Amino acid sequence: MTRSEDDGTTGPVADAPLTAPGPAPALATAVATVNGEPYDLYPGSTVSDLVAAWCPSPRGVAVAIDSEVVPRSTWNATRIEPGVTIEIVTAAAGG
Amino acid sequence: MTDTATSDPLVIAGTVVGSRLIMGTGGMTSPESLTGALVASGTALATVAVRRVDPSTRHSLVDLLEGLGIRILPNTAGCYTATDAVLTARLAREAFATNWVKLEVIGDDRTLLPDPIELVLAAEQLVDDGFVVLPYCGDDPVVARRLEQVGCAAVMPLGSPIGSGLGIRNPHNIELIVEQAGVPVVLDAGIGTASDACLAMELGCSAVLVATAVTRAGDPSLMAAAMRDGVAAGRAARLAGRITRRFVAEASSSFEGMVGQ
């Protein structure tokens with residue numbers, strides 16, 4: 001995965017936080033599970049941040065937190081709480 | 001063959017779909033060959049699975065279908081419980097801005113046959129939640145009736161197991177389902193070649209859903225075109241009204257004026 005934008009932090013790009021808010025270096029404060037993988041959370045991490053980090057485009061994407069769909073209109077305002085389980089899905093060939 | 005997509009279109013839940021051939025998208029080797037087959041099929045509705053985002057994937061199936069003007073029918077393929085199917089349908093509604101869903105709840109991982117109990121349960125919940133539910137079901141007329149009773153917009157019985165290409169193993173059951181149904185019947189699963197699609201339409205189905213038979217054919221685009229023509233031929237034959245089957249011959253030419261009489 002690549003960083004969606006330069007947030008001013010240093011260090012290996014591959015390990016850099018994808019959702020760090022603002023220019024100041026931020027330390028991961030908690031972890032959530034995203035599509036079965038551990039995901040570092042930073043203060044204020046929102047669903048919008050997560051989608052921007054994971055998807056080339058938010059089109060055709062949906063998010064569920066703990067098996068509840070998060071409406072697209074609330075992505076900006078929805079903060080990700082520590083320990084939650086998140087699914088980010090899109091269309092795939094099949095069925 | 002005349003294109004009947006506009007003169008005799010498939011209508012589901014009051015919405016004009018158009019073509020009576022619904023396409024699956026699984027099993028194709030590239031986006032280019034999928035595009036070729038979709039165009040050749042003349043379809044207006046294609047089903048897609050809902051899966052976790054793969055950050056390394058750059059091509060978008062949604063963009064591909066929308067670019068072709070094909071309506072997206074999300075499915076719940078891979079779900080084994082009503083709970084999983086309902087969540088998948090809700091995610092699909094949010095992702096693709098459609099309340100249509102091809103409901104699939106599998107009960108056995110070897111045959112991929114549907115679980116009728118979980119299926120009806122999921123259908124009921126999704127209908128209550130405002131979905132247009134198109135359930136993939138077995139060829140059991142009682143299950144089909146139950147699905148219609150809980151408010152499904154169509155029923156989609158299998159001809160034979162998914163991807164088997166065994167065709168329609170129990171045509172009589174399909175006829176029974178058609179005869180009792182007040183919603184469109186879509187033959188889903190088991191189609192192997194164009195004559196199977198034709199037979200489904202002759203039996204009175206309103207549409208056919210094909211995936212593997214096209215995507216894994218030697219020439220997917222050519223098979224897609226054959227399926228399109230098979231569906232059109234079967235529909236025309238159904239509307240035309242076939243002759244009654246007879247036990248013995250009935251001469252089609254008159255004996256009057258024969259030589260030597």
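The values are calculated or read from the model by the stated rules, or taken from the named source; none is laboratory data. Computed from a prediction, not measured in an experiment: that's the story for all the values here. A quick note on method: Cβ atoms are made from the backbone with ideal geometry, for glycine too, and the neighbour counts reach across all protein chains shown. Accessible surface areas use protein heavy atoms only, side chains included; no ligands, DNA or RNA. Shrake-Rupley method; radii C 1.70, N 1.55, O 1.52, S 1.80 Å.
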Being in a helix (DSSP H, G or I), touching a Cys at 6+ places or on another chain (Cβ under 7 Å) and on the phi < 0 side of the Ramachandran plot narrows B:ALA233, B:ALA213, B:ALA226 down to just B:ALA233
Could you tell me how many of the residues in segment B:17-27 are of a type in the set (Val, Ile, Thr) and modelled with pLDDT under 95?
2
Which of the residues that make up segment B:47-57 are at pLDDT below 90 and either surrounded by 24 or more Cβ atoms within 10 Å (Cβ to Cβ) or aromatic (Phe, Trp, Tyr) (or both)?
none
Residue under question is B:ALA236, and the condition is that it be surrounded by fewer than 18 Cβ atoms within 10 Å (Cβ to Cβ), farther than 21 Å from B:MET156 by Cβ and in contact (Cβ under 8 Å) with a residue 12 or more places away in the chain; does it hold?
yes
Would you check which residues across segment B:26-46 are surrounded by fewer than 20 Cβ atoms within 10 Å (Cβ to Cβ) and within 11 Å of B:ALA211 (Cβ to Cβ) and list them?
B:GLY27
Filter segment B:16-62 for residues that are under 18 Å from B:ALA154 (Cα atoms) and among the polar types (S, T, N, Q); the one that is farthest from the other protein chains (Cβ to nearest Cβ) is B:SER19
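For the structure I just gave you, tell me whether A:PRO56 is facing chain B (nearest Cβ under 10 Å), surrounded by fewer than 21 Cβ atoms within 10 Å (Cβ to Cβ) and over 13 Å from B:GLU94 (Cα atoms). If you could, list the steps in order and put the result at the bottom.
Numbers: facing chain B (nearest Cβ under 10 Å): yes; surrounded by fewer than 21 Cβ atoms within 10 Å (Cβ to Cβ): yes; over 13 Å from B:GLU94 (Cα atoms): yes.
Considered against the rule, which asks whether it is facing chain B (nearest Cβ under 10 Å), surrounded by fewer than 21 Cβ atoms within 10 Å (Cβ to Cβ) and over 13 Å from B:GLU94 (Cα atoms), A:PRO56 comes out as yes.
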Identify the residue in segment B:63-79 that is open to solvent by 20 Å² or more (accessible area, probe 1.4 Å) and more than 19 Å from B:PHE131 (Cβ to Cβ) and, among all such residues, is nearest to the other protein chains (Cβ to nearest Cβ).
B:ASP63
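Yes/no per residue for (1) open to solvent by less than 10 Å² (accessible area, probe 1.4 Å); (2) over 26 Å from B:PRO220 (Cα atoms):
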| residue | (1), (2) |
| --- | --- |
| B:GLN149 | no, yes |
| B:ALA154 | yes, yes |
| B:SER164 | no, no |
| B:GLY167 | yes, no |
| B:ILE174 | yes, yes |
| B:GLY182 | no, yes |
| B:LEU199 | no, no |
Tell me yes or no: at least one residue of segment B:171-188 is without any contact (Cβ under 8 Å) to a residue 40 or more places away in the chain and under 21 Å from B:ALA37 (Cβ atoms).
yes
Can you name every residue in segment B:105-133 that is among the acidic types (Asp, Glu), in a loop (DSSP other than H, G, I, E, B) and within 15 Å of B:ALA153 (Cβ to Cβ)?
B:ASP129
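Answer yes or no as to whether B:THR88 is in contact (Cβ under 8 Å) with a residue 12 or more places away in the chain, part of a helix (DSSP H, G or I), within 13 Å of chain A (Cβ to nearest Cβ) and of a type in the set (Val, Ile, Thr). Even if it seems obvious, please write down each step before you answer.
Details: in contact (Cβ under 8 Å) with a residue 12 or more places away in the chain: yes; part of a helix (DSSP H, G or I): yes; within 13 Å of chain A (Cβ to nearest Cβ): yes; of a type in the set (Val, Ile, Thr): yes.
So B:THR88 passes the test.
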Across segment A:66-95, what is the total count of residues that are open to solvent by less than 30 Å² (accessible area, probe 1.4 Å), over 15 Å from B:ASP54 (Cβ atoms) and within 14 Å of chain B (Cβ to nearest Cβ)?
3
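Based on this model, can you work out whether B:LEU121 counts as modelled with pLDDT of 95 or more and either touching a Pro at 6+ places or on another chain (Cβ under 8 Å) or within 14 Å of chain A (Cβ to nearest Cβ) (or both)?
Working: modelled with pLDDT of 95 or more: yes; either touching a Pro at 6+ places or on another chain (Cβ under 8 Å) or within 14 Å of chain A (Cβ to nearest Cβ) (or both): no.
For B:LEU121, the condition - modelled with pLDDT of 95 or more and either touching a Pro at 6+ places or on another chain (Cβ under 8 Å) or within 14 Å of chain A (Cβ to nearest Cβ) (or both) - is not met.
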From the options B:ALA97, B:ALA89, B:ALA122, residue that is buried (at least 20 other Cβ atoms within 10 Å of the Cβ), more than 19 Å from the chain's Cα centre (by Cα) and within 22 Å of B:ARG52 (Cβ to Cβ):
B:ALA122
Only unsatisfied item for A:GLY44, checking (1) outside any helix (DSSP H, G or I); (2) closer than 26 Å to B:SER56 by Cβ, is (2)
